[in-house]
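Participant: My questions all concern the structure below.
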Amino acid sequence: MTGWVRQWTIFFLGLFVLMATASASKGGAASKPELIYKELVNTIMSPVCPGKILQACPSAEGAQLRQLVRRKAFEGESKEQIIRYFVEVYGPEVMPTPPAEGFFLTAWGLPFAVILAGIGVVFVLVRAWVAHPIKGIEKTSIVEECLSLNDSNDALEKRLKRELEEFS
């Protein structure tokens, strides 16, 4: 009986430690403004460092923009409001993906159109190849060609023998 009680005691002690660890980690979780800040600086493209997100921009202007995002997040602005501010000030280039409207629709639709066109070309070519297979060389022409080569080889052999006899 003591072995059974001992196992249950160890089980509940381990469960208690696990729950205490989980609750301690929840207490140390980042606040909502901090999460908004981290998400935005990892998604907004830097207007001062082309091709880089705001977090990866090493310039002083990039640091100022990160501080601006942090300040706006801690002032209680939502992600959408902060993004809208950056789009109004710096243009749609700060968005990681182009907006799905106007001319920018080509950025979304063009890859699919190219893939469909490629599939269409392959389809047309395969149908053409199946409908009109390449004609093979006829056996009679191969046989005739071999015979003519044998005849010319015989003539060459005779000439070689004759010249060797004359030379020696």
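Read the figures in this text as sums done on the coordinates, not as results from a lab. Every value quoted in this text rests on a predicted model; they were computed, and no experiment measured them. Note: ideal-geometry Cβ built from the backbone for every residue, glycine included; neighbour counts use all protein chains shown.
Participant: Hey, can you grab everything whose amide H is under 5 Å from the amide H of ILE53? Only 5+ residues off in sequence or another chain; H modelled, so Pro and N-termini drop out.
Facilitator: Counting only residues 5 or more places away or on other chains, the set is SER46.
Participant: Does anything in the stretch 64-83 have its amide N under 11 Å from the 7 Å Cα→Cβ label point of TYR90, and if so which residues?
Facilitator: Correct set: 64-69, 83.
Participant: Could you pull out the GluC sites (Glu not before Pro) across the stretch 72-107 that fall in loop regions by DSSP (anything but H, G, I, E, B) with no more than 11 other Cβ atoms inside 10 Å? Before the final figure, lay out the partial values.
Facilitator: Working: sites: GLU75, GLU77, GLU80, GLU88, GLU93, GLU101; in loops: GLU75, GLU77, GLU101.
Those that pass, being in a loop and sparsely packed, are GLU75, GLU101.
Participant: Starting from 0.36 nm per residue, how many nanometres of slack lie between GLU39 and GLN81 once their C-alpha separation is accounted for? The partial results should precede the final answer.
Facilitator: On the way: separation 42, 0.36 × 42 = 15.12 nm, distance 1.37 nm.
Contour length minus the Cα-Cα distance gives 13.8 nm.
Participant: Return the sequence-ordered ³J(HN,Hα) values of the stretch 113-124 in whole Hz as given by the Karplus equation 6.51 cos²θ - 1.76 cosθ + 1.60 applied to θ = phi - 60°, using x for Gly and Pro.
Facilitator: For the stretch 113-124, the Karplus curve yields 5, 5, 5, 5, 5, x, 4, x, 5, 4, 4, 5 Hz.
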